[in-house]
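The values are calculated or read from the model by the stated rules, or taken from the named source; none is laboratory data. None of the values given here were measured: they were computed from a predicted structure. All Cβ positions, glycine included, derive from the backbone under ideal geometry; neighbour counts span all protein chains shown.
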Amino acid sequence: MNTSVGNTARLLAAGLRALLVLTAACGILYPLAVTGIAQAAFPDRANGSGIEDRAGRVVGSSLIGQSYGDDPRWFRGRPAAGLAANTVNTRHELLVSGATNKAADSPDLLRSVREAKARVLADNTVPGYTPREEWIPADAVTSSGSGLDPHISPRYAEIQVHRVAARNHLDVARVEKLVQDHTEGRTLGFMGEPRVNVLELNTALAALTTP
């Protein structure tokens with residue numbers, strides 16, 4: 001009986017020591033080490049890839065697309081048809097990321113693409129500039145898989161240049177230069193496509209238009 005109690009006590013003590021060691025190693029030391037490495041090597045990404053305005057205020061993350069509504073002064077991102085409201089959490093207004101999951105031959109999808117094309121043409125037609133339907137890239141009329149894509153193609157940004165310039169009383173050449181300056185190349189020179197981060201572009205635009 002005494003031997004059994006002693007063995008049980010030793011097993012409990014060994015288990016408790018293992019719990020304490022693993023808790024300290026995996027729950028304290030490892031997170032601290034990873035956090036320290038991230039802060040030293042990638043501080044911007046480790047802190048959420050925030051974008052600051054001219055006053056130093058964080059206006060959003062470069063990883064998450066934002067909506068500018070129908071305000072014609074700003075460059076617009078991709079459609080966000082996949083976003084939905086969170087119907088479970090009623091305390092906060094939240095959006096659920098997602099795609100439409102509609103097939104390429106879906107009548108609803110085809111109708112939404114036609115409507116989006118018409119909006120792009122109407123919104124970006126200004127005196128002296130009329131875009132053509134064949135200029136419109138796919139990202140201007142379709143949402144991404146997440147609905148939160150922060151980028152648009154340089155081609156879609158170029159279609160919006162004349163509208164943005166006219167609404168902000170800026171030279172077209174100046175706005176074109178702004179788009180060029182914020183066009184990112186392919187990752188490592190060969191992966192993906194050139195892209196423009198809409199939030200970064202609009203933040204730079206705000207710096208030009210705000211006294």
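Yes/no per residue for (1) part of a helix (DSSP H, G or I); (2) of a type outside the set (Phe, Trp, Tyr); (3) modelled with pLDDT under 95; (4) within 22 Å of residue 193 (Cβ to Cβ):
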{"position": "98", "(1), (2), (3), (4)": "no, yes, yes, no"}
{"position": "101", "(1), (2), (3), (4)": "no, yes, yes, no"}
{"position": "104", "(1), (2), (3), (4)": "no, yes, yes, yes"}
{"position": "131", "(1), (2), (3), (4)": "no, yes, no, yes"}
{"position": "142", "(1), (2), (3), (4)": "no, yes, yes, yes"}
### Summary
Among 65, 60, the single one that is outside any loop (DSSP other than H, G, I, E, B), among the small types (Gly, Ala, Ser), at pLDDT below 90 and crowded, with 16+ Cβ neighbours inside 10 Å is 60
### Task
Could you identify the single residue in 10, 73, 78, 91 that is loosely packed, with under 11 Cβ neighbours inside 10 Å and modelled with pLDDT of 80 or more?
10
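Regarding residue 29, is this residue out of contact with any Phe, Trp or Tyr (no Cβ under 9 Å at 6 or more places or on another chain) and not assigned by TED's automatic domain parsing to the domain that holds residue 203?
The answer is yes for residue 29.
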### Task
Please name all residue pairs, on different chains or six or more residues apart, with Cβ atoms under 7 Å, provided the first residue is in the stretch 140-157 and is within 20 Å of residue 179 (Cβ to Cβ) and the second residue is surrounded by fewer than 19 Cβ atoms within 10 Å (Cβ to Cβ) and of a type in the set (Asp, Glu).
153/193
### Query
Given the structure, is residue 155 surrounded by fewer than 13 Cβ atoms within 10 Å (Cβ to Cβ), more than 26 Å from residue 55 (Cα to Cα) and among the charged types (D, E, K, R)?
no
#### Entry: residue 154 vs. criteria under 22 Å from the mean Cα position of the chain (by Cα), under 17 Å from residue 74 (Cα atoms) and modelled with pLDDT of 95 or more
yes
### Query
Among the residues of the stretch 135-150, is there at least one that is surrounded by 15 or more Cβ atoms within 10 Å (Cβ to Cβ), assigned by TED's automatic domain parsing to the domain that holds residue 194 and over 21 Å from residue 81 (Cα atoms)?
no
